[in-house]
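Below is one structure, written out as C-alpha cells; the observations come after it.
Read the figures in this text as sums done on the coordinates, not as results from a lab. Being a predicted model, the structure only gives us computed values, none of them experimental. No Cβ is skipped: glycine too gets one built from the backbone with ideal geometry, and neighbour counts run over all protein chains shown.
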Amino acid sequence: MQIFEGLESLRELVRELDNRFRYAVEVRHPSWFQDLAYNFFANNAICMVWSQLAELKCSHQEKDRQKYSRKGFWSDTNRQN
C-alpha cells in the first residue's frame with residue numbers, strides 16, 4: 001500500500017488505539033521511506049518497521065539457514081531508558 005492511502009487509514013485507526021500499549025506498523029512500499037511517514041509514526045508513538053528480504057533463501061534445503069533482519073524507526077522521544 002502506498003503512503004497516501006495508508007496514512008489516511010492509519011489516521012483513522014490511531015484514534016481507536018489504546019494508549020496503554022505500544023504499536024508497530026510494517027511498511028513494504030518504497031513510498032513510505034520519507035519524512036512524512038517518519039514524522040507521522042514519531043508523532044503518534046508508533047514504531048515503523050520493515051524487512052530486508054534480498055538475502056532470504058527460500059529453497060527447502062536452505063530453510064534452516066535463512067537470513068532475516070528487521071529494522072525499525074523509533075523516535076528518541078519515545079525511547080525508554
Can you put 21, 41, 33 in order, fewest other beta carbons within 10 Å first? 21, 33, 41
How long is the gain from residue 38 to residue 17 if the chain were fully straight, where each residue apart is worth 0.36 nm and the alpha carbon distance is subtracted? 5.7 nm
Find how much the distance from residue 8 to residue 51 grows on full extension, using 0.36 nm per residue of separation minus their present alpha carbon separation; answer in nm with one decimal. 13.2 nm
Pairs of alpha-carbon atoms within less than 8 angstrom and 6+ residues apart define the contacts here; what relative contact order does the range 1-55 have, in percent? 43
Order of 15, 28, 22 from fewest to most other C-beta atoms within 10 Å? 15, 28, 22
